[in-house]
Each structure stands twice: as structure tokens, then as C-alpha cells.
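One structure is given below, encoded as C-alpha cells.
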């Protein structure tokens, strides 16, 4: 087990999906952060980051939610979330308040200290080995927001490489979108499902036990279709893998 590291205060942003559908991922995130030497704080006043409203064009409503988010989190030393898409939304806050310079400046300061979990561990803390053990063959899904908006690609792989017993299998479609895209999957379900099946056709045949990712939204989409197709492959969040012993 790696030696204990100096503590750092971290405000946990659980996210809507984490709170409502993946509480185990939130708990695993706390476990991982504490193993990395962090003191984790949870403010029960937190709500949505406003991403669904923003992506659907309801910017006025998104600003209302974003203002509350700023009030809750802006005094934190660092904010960490087990979701690339939610963190990417935080990085859009200055754009959301472009006509309010004072609020935009607050938003920019908060975005600067808000991190996706794997990025925080590797880039900010320099942590790569959490003493995890997970005996399985794992395929990785590069979630779109994390990959394309935050540049998160190598960080999860670095962390997985240190997990004892884990074999990482690189999929040909690892960077292909799962088709979720929030309301996109609701408005254009046929296109969404076609995109998903393009990815899962390979996953169904791949020599893997688990398909992992950093976003609950992707995992929800992937899990639902894998189950409908009768696949033996299960889905897991990176935090759950890293919390394993």
C-alpha cells in the first residue's frame, strides 16, 4: 500500500446521477479520495450544475441553478466530481454569465479549481497507485466530455495500470460516443441507439469482463443496452474499480 500523503480539503460534488442512481459511485469516490490523503467535505445544499437546461437551450433556467452552485462551492479549496460531463459544464459557467462580468469572474475562479476525479488524482495530487486490487479484464470507454472538453485520456489508464490483477483491454471503439448526449438520446432515440450498437457490437465480442468509464450518464446508457442485448459484460465507474480491494 502506498505511504499516506498530506491531507487536502476537497468538496465533493456528487452530481444528480450520482445522488439518484449511482450512490455506490459517490461512496467509492469518497473512499478513493480519502485513500489519496484528502479530507472530503459534503455540502448537502448542493443541487444540479445546470447542464440539462443549458444543453437544451434553457440558459435562463441554467443560470438560476448555476448561481446556487456558485454560492455553495466557491469557497472550497478544490471541488471534485466523478463525472467529466458535469465538470465540463462548470467550465462553461463563464460563458453562461458572459453578460455579467462579476459573476463570470466568480465562475471562472470556481471552474479553475473544479476537477474530474482521475484528473485530480493524477494531475493535482500526483497519485497513481491507490493500492487497489481488481481481478478482471477491463475495457475502457473514453467519455466524450472528459476526452474532448477536459482532455482526460491518459489519467484513467495510468490509475488502472497500477491496479493489481487488472488487465486493461483497449477497444477499437474506445473513443466512439455511446450516443447518450443527455436529451439527444430522448429526442433522437433511433440515432442514439445506432451509435450505441456500433460500440457494443465490439464490446459484446471483446475478451472483457467489465466496461468502465468516468461518467454515470455513459454507464447508464451502456448498461441499459448491454442488459437488453443479454451481454455478460458489466459496467463500472472508475471510482468503483479504484476502491476495490
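So which residues in region 13-41 are touching a helix residue (DSSP H, G or I) at 6+ places or on another chain (Cβ under 8 Å), outside any helix (DSSP H, G or I) and free of Cβ contacts under 8 Å to residues at least 60 places away in the same chain, if there are any at all? Matches in region 13-41: 40 only. In the set (1) surrounded by fewer than 22 Cβ atoms within 10 Å (Cβ to Cβ); (2) in contact (Cβ under 8 Å) with a residue 12 or more places away in the chain, residue 115 fails one condition alone, (1). Output the residues belonging to region 207-222 that are at pLDDT below 95 and surrounded by fewer than 20 Cβ atoms within 10 Å (Cβ to Cβ). The one that is at pLDDT below 95 and surrounded by fewer than 20 Cβ atoms within 10 Å (Cβ to Cβ): 220.
Do you know which residues across region 52-73 are more than 26 Å from residue 40 (Cα to Cα) and without any contact (Cβ under 8 Å) to a residue 24 or more places away in the chain?
Of region 52-73, the ones more than 26 Å from residue 40 (Cα to Cα) are 52-64.
Of everything in region 52-73, those that are more than 26 Å from residue 40 (Cα to Cα) and without any contact (Cβ under 8 Å) to a residue 24 or more places away in the chain turn out to be 53, 57, 58, 60, 61, 64.
Scanning for something within 19 Å of the chain's Cα centre (by Cα) and over 24 Å from residue 182 (Cα atoms), does region 50-64 turn up at least one residue? Among the residues of region 50-64, not one is within 19 Å of the chain's Cα centre (by Cα) and over 24 Å from residue 182 (Cα atoms), which makes the answer no.
May I ask you to list the residues in region 145-159 that are buried (at least 21 other Cβ atoms within 10 Å of the Cβ) and at pLDDT 95 or above? Answer for region 145-159, where residues must be buried (at least 21 other Cβ atoms within 10 Å of the Cβ) and at pLDDT 95 or above: 152, 155, 156, 159.
The values are calculated or read from the model by the stated rules, or taken from the named source; none is laboratory data. Because the structure is predicted, anything quoted here is derived from the model rather than measured. Note that we place each Cβ from the backbone using ideal geometry, even for glycine, and neighbour counts take in every protein chain shown.
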